[in-house]
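Below is one structure, written out as C-alpha cells, with a few remarks after it.
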Amino acid sequence: VASLEDLTNRMRDFTQARDWGRFHDLKSLTLALAGEVGEVAELVQWLPAERATTADDGLRDRLADELADVLLYLVRLADVAGVDLGAAALDKLARNDERFPVTTFRSIAPEAR
Ligand SMILES: [Mg+2]
C-alpha cells in the first residue's frame, strides 16, 4: 500500500523529470484537481442511483482510474502548497468528531438537524 509520503515523492520525481514544476502553481493544480473530480462525477451523473454501484466491474475500473487522478493531483497540490495532507486530514477528523458527536448525530444527516 502506498503512503501519502510515497505518492508525494513519486509525483515530485515525475514532475521534476519532465521539468513540469513551472506549470504546477496553486491555481493550475487546483483547476486540474477540480477537472479530475468532474471526470469522476461524469461517470455516474446520468446513472440512476441504484445503477451507480461498484457491482459493475467496468464502472469500478473507470472510477479507480479517475480517483487515482484525483488523489495524485491532490497530493501534488498539497506538496506545492506546503500542506502536510495526512496531518491536516487527521486534524479535520478530530474536529469533525467534536462537531458531530455520535450521541447527537447517529443516523441523522448533519443538514437535517
Ligand atoms: Mg482523469
Q: Kindly indicate the residue of region 16-44 that is open to solvent by 50 Å² or more (accessible area, probe 1.4 Å) and within 11 Å of the ligand (Cβ to nearest atom) and also farthest from L77 (Cα to Cα) among those meeting that condition.
A: E42
Q) Does region 84-95 hold any residues that are open to solvent by less than 70 Å² (accessible area, probe 1.4 Å) and either within 15 Å of the ligand (Cβ to nearest atom) or free of Cβ contacts under 8 Å to residues at least 12 places away in the same chain (or both), and which are they? A) A87, A88, A89, A94
Q: Output the qualifying pairs, or none if there are none: Cβ atoms under 8 angstrom, residues six or more apart or on different chains, first residue in region 61-74 and without any contact (Cβ under 8 Å) to a residue 40 or more places away in the chain and closer than 18 Å to L31 by Cβ, second residue open to solvent by 60 Å² or more (accessible area, probe 1.4 Å) and within 9 Å of the ligand (Cβ to nearest atom).
A: E66/E39; D69/E39
Q: Tell me which residues, restricted to region 2-11, are in contact with an Asp or Glu (Cβ under 6 Å, 6 or more places away or on another chain) and open to solvent by 90 Å² or more (accessible area, probe 1.4 Å).
A: none
**Q.** Close pairs from region 1-12: first farther than 16 Å from V83 by Cβ, partner in a loop (DSSP other than H, G, I, E, B), Cβ under 9 Å, at least 6 apart
**A.** R10/A2
Q. Which of the residues belonging to region 46-78 are within 15 Å of the ligand (Cβ to nearest atom) and surrounded by fewer than 12 Cβ atoms within 10 Å (Cβ to Cβ)?
A. D61, A64
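The values are calculated or read from the model by the stated rules, or taken from the named source; none is laboratory data. Here the structure is a predicted model, which means the values were calculated and not measured. Positions of Cβ are backbone-derived with ideal geometry, glycine not excepted, and every protein chain shown enters the neighbour counts. Each accessible area value is taken on the protein alone, full model and side chains, heavy atoms only, with ligands, DNA and RNA left out. Shrake-Rupley method; radii C 1.70, N 1.55, O 1.52, S 1.80 Å.
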